[in-house]
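Please read the structure below before turning to the comments.
The values are calculated or read from the model by the stated rules, or taken from the named source; none is laboratory data. Computed from a prediction, not measured in an experiment: that's the story for all the values here. Backbone-built Cβ (ideal geometry, glycine too); neighbour counts: all protein chains shown. The protein model used for the area step is the full one, side chains on, heavy atoms only, and it has no ligands, DNA or RNA in it. Shrake-Rupley method; radii C 1.70, N 1.55, O 1.52, S 1.80 Å.
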Amino acid sequence: MLCMSGVNDFVVRFANVNGTGSASANFLFSKTIFRMGVPVTPKNIFPSNIQGLPTWYEVRVSEKGYLGRREGIDLMVCVNPQSMKKDIASVLPNGYFLYDSTKVLHDEYIREDINYIGVPLMELCNKEFTDARQKQLFKNMVYVGALGVLLSLDFSEIEQLIKEQFQGKEKLIQPNLKALYLGADFVKEHHSYPLEFRVERRSLLKNKILVDGNTAAGLGGVYAGATVVPWYPITPSTSLVDAFTEFAEQYRVDPETGKNNFAVIQAEDELAAIGMVIGASWNGARSFTATSGPGLSLMNEFLGLAYFAEIPVVLVDVQRAGPSTGMPTRTQQADLLSAAYASHGDTKNILLIPSTPAESFTMMADAFDLAEQLQMPVIVMMDLDLGMNDHVSDSFQWDENRIYQRGKVLSESELESLNNWGRYVDIDDDGLTYRTLPGTHAQKGSYFTRGTSHDEYANYTEDSGTYLRIMDRLVKKFNTAKSMVPGPELIQNANEHENGILFFGTSTYAAQEAMDILNEQGIFLDGIRLKAFPFCDEVAEFINNHKKIFVIEQNRDAQMRTLLISELEINPKKLIKVLNYDGTPITADFIAKQISAFQYSLNGQKIS
């Protein structure tokens, strides 16, 4: 049998039981390929239960650097009887199925069009290890050893990674190496190797790192100057605050006193967390919190306060599949509308949309600069795929000369020179007013911060004319923001085609690969990646300069398309929906099929 994939181009999926220690072994497999200089994309597909149900870990290897998820499994490593029937069905024809052959595989699991590789994982561990827990854990290392031979992995890299993983626990190194070579030796004695598809060392990852977006954003928060982080745990954002805490403990401790120069506070709920952020920011600290969709819903009222009282707020929303509790451990981009217009009344918030861990790092500093300059909530819109999965990323860059942009904050001397300062007076006609921090001046600079209707001097009023002036100025501020937020990325130097494709966030990986697939089919599109809301003029120009725009999203209701139609007054017929919302990361094949189908639906005529 011949497999469809080849050298440095295949997909391996691991089918495990949640809570059996497979995560470390699976990551070891991915990181070995990364260390061999070959682009690799691992994805966790796991349930929200604590232990016992099926969990999958999917690894795509792509020498071409395609980092999105790919449909079809070339090699399935199955150690979970619960999901075996489904796992066998997911293997591509001519693909491979590696299983624990300690027990004979039942006839119902036999497919004539795939290859079976039996490795007696449990039998080998029972013979070599006595501790029950070790027998279970080392099964995972045995299949890593088997894969190492089948896929020509560099065992010196695996050994080095094991040593690094168990640094400080050296007694665990030798048993792990023993398990590794149990699997390797068995394959060498009983199976043909290597497979038709395998890994060959390359040097394609210079200056690249393998990291998840939550870790990147956590470190970004430290570099951005965050010192106060109230939060309430919720998947998939919890590890972001964990990462911030870990980095802050390394870099934010006074070397002389040993005291922390930061505060991480676990609040009683999301409401309290965002309330503390508002209070800390109002006092001049750089403060943020992280949450997911349900938390964002709870924070709506306080976000409205921050919008109307004009207090800087940074919030990271790591999106998951909703509504309600939904699928907490699956990815989506379905909080766009609820974030953009969070709270009641007329509110509009700034959204930043990173696509990579490197952008997750830099956009944390951007978020704080924008929040303080614009004096309003800025929400960083990540998703579970970016936040919790490892990605090949550019290494993080930080300009040591970068100066935090604190916006229009009056100093003591500036206040001293003013006779009649008003907190909400628009002196510069850009919608951005001057604020003060508590304690700046003994007599001047105080005002009443309120969410109720107020005039330019922060006095309470229900005068309709005054209310209109304040609300219209907030619109002016939002329009000013259009020239301050990160602009879109145009995929080509100049527009060349009649139609375009628009995408954002983690859809970027699949969308760019889909453009290559469509090119091979004779369908050519110009591409644009959004990085922020509100939309810059370049976004409107791109849409206006094309006949049709395919809008790629990972939600059911085409929320970005709705924002584009609403904010830019685009004809809805011009924006074609391409929607994935099953909770798994979108694939290039899915996008290409949707666009191809639309093409031929137009009376069989190509649209490009």
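Values computed for the structure shown
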{"item": "Single residue of the stretch 103-124 satisfying the filter (touching a strand residue (DSSP E or B) at 6+ places or on another chain (Cβ under 6 Å) and part of a loop (DSSP other than H, G, I, E, B)) that is farthest from A146 (Cα to Cα)", "result": "D113"}
{"item": "The stretch 189-214 residues that are on the phi > 0 side of the Ramachandran plot, paired with ones that are of a type in the set (S, T, Y) and at pLDDT 95 or above (beta carbon under 6 Å, 6 or more apart)", "result": "N207/S395"}
{"item": "Output for the stretch 142-175, where each listed residue is open to solvent by less than 10 Å² (accessible area, probe 1.4 Å) and among the small types (G, A, S)", "result": "G145, A146, G148"}
{"item": "Every pair of residues 6+ apart whose Cβ atoms lie under 7 Å, when the first sits in the stretch 509-536 and is assigned to a loop (DSSP other than H, G, I, E, B) while the second is open to solvent by 20 Å² or more (accessible area, probe 1.4 Å) and aliphatic (A, V, I, L, M)", "result": "L525/M515; F535/L568"}
{"item": "Residue selected from the stretch 339-363 under the condition hydroxyl-bearing (S, T, Y) and farther than 23 Å from K208 by Cβ, by the criterion surrounded by the fewest Cβ atoms within 10 Å (Cβ to Cβ)", "result": "Y341"}
{"item": "Matching residues in the stretch 1-29 - criterion: being modelled with pLDDT of 95 or more and within 15 Å of R70 (Cβ to Cβ)", "result": "N8, D9, F10, V11, V12, R13"}
{"item": "From the options I552, I491, I517, I543, residue that is at pLDDT 95 or above, of a type outside the set (S, T, Y) and crowded, with 24+ Cβ neighbours inside 10 Å", "result": "I552"}
{"item": "Looking only at the stretch 263-272, and only at residues there that are without any contact (Cβ under 8 Å) to a residue 40 or more places away in the chain and open to solvent by less than 40 Å² (accessible area, probe 1.4 Å), the one that is nearest to L386 (Cα to Cα)", "result": "E270"}
{"item": "Test: residue in the stretch 425-436 that is more than 20 Å from R473 (Cβ to Cβ), within 36 Å of the chain's Cα centre (by Cα), surrounded by 11 or more Cβ atoms within 10 Å (Cβ to Cβ) and aliphatic (A, V, I, L, M)", "result": "no"}
{"item": "Qualifying residue in the stretch 98-111 (condition: among the β-branched types (V, I, T), touching a Lys or Arg at 6+ places or on another chain (Cβ under 8 Å) and either open to solvent by less than 80 Å² (accessible area, probe 1.4 Å) or within 16 Å of F14 (Cβ to Cβ) (or both))", "result": "no"}
{"item": "Selected residue (only one of L468, L386, L410 is loosely packed, with under 15 Cβ neighbours inside 10 Å and at pLDDT 95 or above)", "result": "L468"}
{"item": "Close pairs (9 angstrom Cβ cut-off, 6 or more residues apart or separate chains): under 9 Å from G220 (Cβ atoms) and in a helix (DSSP H, G or I) in the stretch 345-366, small (G, A, S) and open to solvent by 10 Å² or more (accessible area, probe 1.4 Å) anywhere", "result": "A365/G225"}
{"item": "Test for A588: is it of a type outside the set (F, W, Y), surrounded by 21 or more Cβ atoms within 10 Å (Cβ to Cβ) and at negative phi", "result": "yes"}
{"item": "Hey, E246 assigned to a loop (DSSP other than H, G, I, E, B), out of contact with any Phe, Trp or Tyr (no Cβ under 9 Å at 6 or more places or on another chain), farther than 22 Å from L351 by Cα and of a type in the set (D, E, K, R) or not", "result": "no"}
{"item": "Count of residues meeting criterion [within 29 Å of the chain's Cα centre (by Cα), within 30 Å of Q250 (Cβ to Cβ) and small (G, A, S)] in the stretch 165-219", "result": "4"}
{"item": "Test for S30: is it part of a helix (DSSP H, G or I), among the small types (G, A, S) and open to solvent by less than 40 Å² (accessible area, probe 1.4 Å)", "result": "yes"}
{"item": "Cross-chain or 6+ apart pairs with Cβ under 9 Å, the stretch 388-407 first and within 28 Å of P236 (Cβ to Cβ), then open to solvent by 50 Å² or more (accessible area, probe 1.4 Å) and in a helix (DSSP H, G or I)", "result": "D390/F27; D390/K31; F396/Y223; W398/Y223"}
{"item": "Strands (runs of 3 or more DSSP E) within the stretch 53-102 that include 1 or more residues among the polar types (S, T, N, Q), touching a residue at least 24 places away in the same chain (Cβ under 8 Å) and farther than 18 Å from F29 by Cβ", "result": "91-100"}
{"item": "Candidates K178, K139, K127 - the one that is without any contact (Cβ under 8 Å) to a residue 40 or more places away in the chain and either open to solvent by 70 Å² or more (accessible area, probe 1.4 Å) or part of a helix (DSSP H, G or I) (or both)", "result": "K127"}
{"item": "Residues satisfying the stated conditions in the stretch 542-585, i.e. without any contact (Cβ under 8 Å) to a residue 24 or more places away in the chain and either assigned to a helix (DSSP H, G or I) or β-branched (V, I, T) (or both)", "result": "N544, R561, I565, S566, P572, K573"}
{"item": "Tally of residues being open to solvent by less than 40 Å² (accessible area, probe 1.4 Å), within 22 Å of V199 (Cβ to Cβ) and not charged (D, E, K, R) across the stretch 52-89", "result": "15"}
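Okay, residues lined up against (1) open to solvent by 30 Å² or more (accessible area, probe 1.4 Å); (2) within 20 Å of A365 (Cβ to Cβ); (3) in a loop (DSSP other than H, G, I, E, B):
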position	(1), (2), (3)
I209	yes, yes, no
G220	no, yes, no
T235	yes, no, yes
S281	no, yes, no
F288	no, yes, no
L296	no, no, no
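For every residue, the table says whether it meets (1) of a type in the set (S, T, Y); (2) modelled with pLDDT of 95 or more; (3) in contact with a helix residue (DSSP H, G or I) (Cβ under 9 Å, 6 or more places away or on another chain).
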residue: T238; (1), (2), (3): yes, yes, yes
residue: F244; (1), (2), (3): no, yes, yes
residue: V253; (1), (2), (3): no, yes, no
residue: T257; (1), (2), (3): yes, yes, no
residue: N261; (1), (2), (3): no, yes, yes
residue: V264; (1), (2), (3): no, yes, yes
residue: E268; (1), (2), (3): no, yes, no
residue: L271; (1), (2), (3): no, yes, yes
residue: I274; (1), (2), (3): no, yes, yes
